[in-house]
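Engineer: Take a look at the following structure, please.
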Amino acid sequence: MRFALHGARVVLRDWRDSDLTPFAVLNADSEVRRYFPSVLTQTESNANADHFREHADREGFTFWAVEVPGVADFIGFTGLLRTPYAAHFTPCVEIGWRLAREYWGRGYATEAAKLALEYGFQQLQLDKIVAITTPDNLPSQSVMTRIGMARDLSGDFDHPNVPAYHPLRRHVLYHIHRARR
Ligand SMILES: CC(C)(COP(=O)(O)OP(=O)(O)OC[C@H]1O[C@@H](n2cnc3c(N)ncnc32)[C@H](O)[C@@H]1OP(=O)(O)O)[C@@H](O)C(=O)NCCC(=O)NCCS
């Protein structure tokens with residue numbers, strides 16, 4: 001059965017092969033990848049999408065493809081993922097988003113994130129959802145705040161997948177609890 005979550009403007013849905021090219025384009029954009037250690041090659045971008053598809057098959061949720069009917073078949077991803085590394089707050093489920101630059105500044109990420117959050121709490125019955133990013137990534141932290149997440153001020157950590165001494169290694173941690181909303 002195909003998966004789709006419908007909002008007023010956005011749809012979170014299963015990945016399609018036709019998403020791979022626009023996904024590679026956004027992953028090759030240095031502005032989109034500003035708070036990551038590097039842009040991605042097409043092969044690396046495809047591997048990202050494969051990971052999200054496998055996660056959907058295994059868990060029933062993932063970083064879903066985002067579509068805006070009437071505007072674009074694919075603008076990026078938003079969704080929920082089991083955090084794939086060990087840190088002081090894992091195991092846990094994190095919420096995340098990445099949109100192509102031409103779709104920033106329209107509220108799509110926040111609308112998509114609210115859908116994913118509600119799915120996590122109501123369908124998956126998660127007790128807690130976290131989000132992470134670099135301290136300077138204020139657009140991403142604004143999405144976190146807009147969907148009701150709060151920063152864990154004692155939660156900062158060094159991302160284990162970012163090389164030691166890399167300037168983007170430090171991350172901040174946000175969280176939201178089902179029972180405290
Ligand atoms: C993080 C990211 C998704 C945020 O995108 P964004 O466009 O700032 O967030 P939204 O889609 O929620 O849009 C919110 C903005 O749209 C504006 N907006 C315009 N029309 C709107 C509408 N109809 N409804 C709601 N907001 C609207 C809001 O005012 C807000 O603008 P502001 O930030 O100037 O106040 C985007 O910067 C991105 O993809 N970055 C690269 C990847 C990345 O860093 N991901 C996170 C890694 S942790």
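Engineer: In the stretch 92-143, which residues are near the ligand (Cβ under 8 Å from one of its atoms), more than 16 Å from residue 171 (Cα to Cα), open to solvent by 30 Å² or more (accessible area, probe 1.4 Å) and assigned to a helix (DSSP H, G or I)?
Structural biologist: Within the stretch 92-143, 101, 103, 111 meet the criteria.
Engineer: Those residues that are of a type outside the set (D, E, K, R), out of contact with any Ser or Thr (no Cβ under 8 Å at 6 or more places or on another chain) and either over 21 Å from residue 116 (Cα atoms) or not in a loop (DSSP other than H, G, I, E, B) (or both), I need them from the stretch 7-22; list them, please.
Structural biologist: The answer is 11, 18, 21, 22.
Engineer: Among (1) within 8 Å of the ligand (Cβ to nearest atom); (2) surrounded by fewer than 16 Cβ atoms within 10 Å (Cβ to Cβ), where does residue 85 come up short?
Structural biologist: (1)
Engineer: I'd like the full set of residues that are closer than 17 Å to residue 33 by Cβ and within 15 Å of the ligand (Cβ to nearest atom), limited to the stretch 144-166.
Structural biologist: Taking the stretch 144-166 and keeping what is closer than 17 Å to residue 33 by Cβ, we get 159, 161-163, 166.
159, 161, 162 - these are the residues of the stretch 144-166 that are closer than 17 Å to residue 33 by Cβ and within 15 Å of the ligand (Cβ to nearest atom).
Engineer: Here's another thing I want to ask about it. Within the stretch 157-174, how many residues are open to solvent by 50 Å² or more (accessible area, probe 1.4 Å) and within 21 Å of residue 143 (Cβ to Cβ)?
Structural biologist: Going through the stretch 157-174 one residue at a time, the tally reaches 1.
The values are calculated or read from the model by the stated rules, or taken from the named source; none is laboratory data. No experiment lies behind these values; they were computed from the predicted model shown. Heads up, the Cβs are rebuilt from the backbone with ideal geometry, glycines too, and the neighbour counts pull from every protein chain shown. Heads up: the accessible areas ignore ligands, DNA and RNA and are worked out on the full protein's heavy atoms, side chains in. Shrake-Rupley method; radii C 1.70, N 1.55, O 1.52, S 1.80 Å.
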